[in-house]
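Note sheet for the following structure.
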Amino acid sequence: MIEGTPRQNQLSINLGFDDYSNGKDYKKRQSVFRVWKRLSSLQRSVICFVLLLGGISIIYIVSSVRKGHRGSYGGPSELSDFLDSKERQKMEQEKRDYIQKMKQRHAVEQVNQIVKKNQENIRRKKGPPSRKKATKEDKGLDKVQLPPDEKEGQLNLPPKAAGDDLVVDQGSDGPYDYFDPKRQFSEKQKAIQDAFKFAWKGYKEHAWGHDEYHPISKSHSEWFGVGLTIVDSIDTAIIMGLKDEYLEAREWVDKSLTFDKDKDVNLFEITIRALGGLLSAYHLTNDEVFKNKAKELGDRLLPCFKSPSNVPFSDVNLRTGHAHAPRWGPDSSTSEVTTIQLEFRDLSRITKDSRYEHAVDVVSEHVHKLPKKDGLVPIFINANTGSFRSSATITFGARGDSYYEYLLKQWIQTGKQKDYLKNDYLQAVEGIKTHLLKESEPSKLLYIGELLGGRSFSPKMDHLVCFMPGTLALGHQNGLSNDHMEIATKLAKTCYEMYNKMPTKLSPEIVYFNQAPGASDDLIVKPLDAHNLLRPETVESLFYMYRFTQDKKYREWGWQIFLAFMKYTKIEGAGFSSINNVKSPGNPGFKDKLESFFLAETLKYLFLLFSDDPKLMPLDKFVFNTEAHPLPIYSE
């Protein structure tokens, strides 16, 4: 306060800022207290109300800011990021319909319980049930009918916990019990089961919960940090009937798997391996833990689609949601952005959330409209411009392969309703015949070459291309042209010879086919291409070829390949490893790495190749993703 001023002015000054100038806080508190005492009760109430209202406003503003920050920079994306107002309204209606449907279902279940209790009471009163044949009216009392979209055969079945009575549903003629103790296996299937268990044991002892296993050093490494080998291999354990291995994997997924990782991941690789593995495990077991984990992963991958074009970025940080082009350049691989559709579409179907399917449908439709070379596409596409790199190579090998595979499989998955996918596939097959299909010398082996820079033919063929015989055979089985099967038969022979002509009976990663008339050998293998990564593509095609033709030679070829894996890639007491040189049986050289796809694909397709059970993985009910994870075929 200022000396010599009237008391009334002193009070006025104390309510202002002069108390800060004299440094006497106790005087400030005294003067404020006096003013508060002089106020009426109404004035005090008004002040308290204003302060309370201000506090609530501050809390609301802070909360809104934080929510907006999460949506912009990290975590799962909001629906509004992908859908316009009409689509959002449609989604909201679907959500209301789904809630109503769940209420109906709950009511039905309650009625069923009441009916069941009443029937039990009647039985206790009247003794054993009569052997009299039930009438139509009697059958109607047994169970209240579910709405049409809830009946058996649909995918929204109630969850079943893993346990001793685990029975899984394949969507065929009824539940298929993979763990039935009476299930029969051939001697070759048992040998393949043993190989899986041997590899699993080594991984469990030395790399459990880690992405990749190194059997020579008995160590491990991380790629995404999500236990990739476990998630990629769960459905193989189920299909093989290996209950102990399955339950170990399920427990780890339930209790230890998390995608809250400050880690950049490749959209394509984590989709086909982790998302595909979780979706497949869910469909084979109806266990909600797999669906919930799949949804969490799908939400964390959606930010990839926030690109200036409709083409997703190749990489995304699982924790922050920051998506970007690959570190090595501005473009995404064409196969990578077009080989996520089966998985994202299936995720939408089981979660009733159309965001995932919408995002990948937009990509497929965008690529469909881009100019192509007789149905063939370059292997690079830019996520910012949405355009192909016109000077890029055209190949059915690395970075191009599964684009063509998913054209056919999407058409099949959607009940053959999306004709533009089938038409694009048919045009691509014609493009193969026009530009890429050649025969070698001297044996006239049919192969698929490459167009370097989109123009110059090269007689190079990756082992990855050996998926194509099986894909062509699958297309023929679904009503496509007979010449597709003729090409498939010749290509399958070529892929087998890529193994058979090597001293180890294992295929190199890349071969060049001899075009010179009078040449003595069809295959040329460069030193840097002589390694074998335990890849599945050839045995995948042998599985399809045998399933559709029942020709035993495909089993004979597959068994020869399996024995070669056992002889040259098995590490005693540890597992299996890729090798450096398939041309050196005396010293193949181990690369000290077990690829997860050896368990997820190679051994799975070998096991299925030797199955005589028509109910095991029927190909009119399931379509395999490019990592051999079976997903259901929908009616539309």
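The values are calculated or read from the model by the stated rules, or taken from the named source; none is laboratory data. Keep in mind the model is a prediction, meaning the values are calculated, not measured. With ideal geometry, Cβ positions are generated from the backbone for all residues, glycine too; neighbour counts draw on all protein chains shown. Protein only, heavy atoms only, side chains kept; ligands, DNA and RNA dropped before computing areas. Shrake-Rupley method; radii C 1.70, N 1.55, O 1.52, S 1.80 Å.
Going through (1) open to solvent by 40 Å² or more (accessible area, probe 1.4 Å); (2) not in a loop (DSSP other than H, G, I, E, B) one by one, Pro181 falls short only on (2). Residue check: Phe259 meets all listed conditions (1) open to solvent by less than 10 Å² (accessible area, probe 1.4 Å); (2) within 23 Å of Thr602 (Cβ to Cβ) but one, namely (2).
Filtering region 466-488 to residues that are surrounded by 19 or more Cβ atoms within 10 Å (Cβ to Cβ) and under 15 Å from Glu439 (Cβ atoms) leaves only Ile487. For first residues located in region 360-372 and within 18 Å of Ala392 (Cβ to Cβ), partners that are of a type in the set (Asp, Glu) and assigned to a helix (DSSP H, G or I) and lie 6+ apart or on another chain with Cβ distances below 9 Å form the pairs Val367/Asp424; Lys372/Asp424.
Within region 428-452, the set of residues being without any contact (Cβ under 8 Å) to a residue 60 or more places away in the chain, within 14 Å of Leu491 (Cβ to Cβ) and under 31 Å from the mean Cα position of the chain (by Cα) comprises Val429, Ile432, Ile448.
Residue by residue, here is whether (1) touching an Asp or Glu at 6+ places or on another chain (Cβ under 7 Å); (2) open to solvent by 30 Å² or more (accessible area, probe 1.4 Å) holds:
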{"position": "Arg399", "(1), (2)": "no, yes"}
{"position": "Ser402", "(1), (2)": "no, no"}
{"position": "Trp411", "(1), (2)": "no, no"}
{"position": "Thr414", "(1), (2)": "yes, no"}
{"position": "Gln417", "(1), (2)": "yes, yes"}
{"position": "Ala428", "(1), (2)": "no, no"}
{"position": "Ser440", "(1), (2)": "yes, no"}
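Looking across Arg389, Arg355, one residue alone is in contact with a Phe, Trp or Tyr (Cβ under 9 Å, 6 or more places away or on another chain) and open to solvent by 40 Å² or more (accessible area, probe 1.4 Å). It is Arg389.
Listed here are the residues, each with its yes/no results for (1) touching a Phe, Trp or Tyr at 6+ places or on another chain (Cβ under 8 Å); (2) among the charged types (D, E, K, R).
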| position | (1), (2) |
| --- | --- |
| Phe268 | no, no |
| Leu278 | yes, no |
| Asn286 | no, no |
| Glu296 | yes, yes |
| Phe305 | yes, no |
| Ser314 | yes, no |
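A quick yes/no check of all residues on (1) in a loop (DSSP other than H, G, I, E, B); (2) surrounded by fewer than 18 Cβ atoms within 10 Å (Cβ to Cβ):
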residue: Lys567; (1), (2): no, yes
residue: Gly573; (1), (2): yes, yes
residue: Gly586; (1), (2): yes, yes
residue: Thr602; (1), (2): no, no
residue: Leu606; (1), (2): no, no
residue: Ser611; (1), (2): yes, no
residue: Leu616; (1), (2): yes, yes
residue: Tyr634; (1), (2): yes, yes
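Taking the conditions exactly as written (in contact with a helix residue (DSSP H, G or I) (Cβ under 7 Å, 6 or more places away or on another chain), without any contact (Cβ under 8 Å) to a residue 60 or more places away in the chain and of a type in the set (D, E, K, R)), does Glu251 satisfy them or not? So Glu251 does not fit the description; no. One residue stands out in region 214-229 among those that are of a type in the set (S, T, N, Q) and over 17 Å from Phe597 (Cβ atoms): the one that is most open to solvent (accessible area, probe 1.4 Å), namely Ser217.
Checking each residue in region 492-525 for being among the charged types (D, E, K, R) and touching a Phe, Trp or Tyr at 6+ places or on another chain (Cβ under 7 Å) picks out Lys505, Asp522. Of the listed requirements (1) in contact with a Lys or Arg (Cβ under 7 Å, 6 or more places away or on another chain); (2) farther than 17 Å from Pro371 by Cα, Gly431 misses just one: (2). With respect to being in contact with a Lys or Arg (Cβ under 9 Å, 6 or more places away or on another chain) and β-branched (Val, Ile, Thr), Thr236 fits the description. Cβ-Cβ below 7 Å, separation at least six or inter-chain, first residue in region 322-344 and open to solvent by less than 10 Å² (accessible area, probe 1.4 Å), second part of a helix (DSSP H, G or I) and acidic (Asp, Glu): which pairs? Close Cβ pairs (under 7 Å, with a partner that is part of a helix (DSSP H, G or I) and acidic (Asp, Glu)) amount to Ser335/Asp401; Phe344/Glu357. Of the residues making up region 351-381, those that are touching a strand residue (DSSP E or B) at 6+ places or on another chain (Cβ under 9 Å) and of a type outside the set (Val, Ile, Thr) are Leu370, Pro371, Lys372, Lys373, Leu376, Pro378, Phe380.
Does any residue of region 498-507 turn out to be surrounded by fewer than 16 Cβ atoms within 10 Å (Cβ to Cβ) and either modelled with pLDDT under 95 or part of a helix (DSSP H, G or I) (or both)? Yes, region 498-507 contains at least one residue that is surrounded by fewer than 16 Cβ atoms within 10 Å (Cβ to Cβ) and either modelled with pLDDT under 95 or part of a helix (DSSP H, G or I) (or both). All told, Ser364 falls short of being open to solvent by 30 Å² or more (accessible area, probe 1.4 Å) and closer than 30 Å to Leu278 by Cα. Taken together, the residues in region 324-358 that are within 15 Å of the chain's Cα centre (by Cα) and either among the basic types (Lys, Arg) or farther than 22 Å from Asp401 by Cβ (or both) amount to 8.
Residues are listed down the side, and each one gets a yes or a no for (1) open to solvent by 10 Å² or more (accessible area, probe 1.4 Å); (2) modelled with pLDDT under 95; (3) part of a helix (DSSP H, G or I):
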{"site": "Met545", "(1), (2), (3)": "no, no, yes"}
{"site": "Phe548", "(1), (2), (3)": "yes, no, yes"}
{"site": "Tyr554", "(1), (2), (3)": "no, no, yes"}
{"site": "Ala564", "(1), (2), (3)": "no, no, yes"}
{"site": "Lys583", "(1), (2), (3)": "yes, no, no"}
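The residues listed here are Lys621, Lys591; of these, the one that is open to solvent by 10 Å² or more (accessible area, probe 1.4 Å), over 25 Å from Ile238 (Cα atoms) and basic (Lys, Arg) is Lys591. When restricted to residues that are in a strand (DSSP E or B) and of a type in the set (A, V, I, L, M, F, W, C), region 508-533 contains 5.
Looking across region 271-302 at every residue that is open to solvent by 10 Å² or more (accessible area, probe 1.4 Å) and under 26 Å from Gly329 (Cβ atoms), the one that is farthest from the chain's Cα centre (by Cα) is identified as Arg300.
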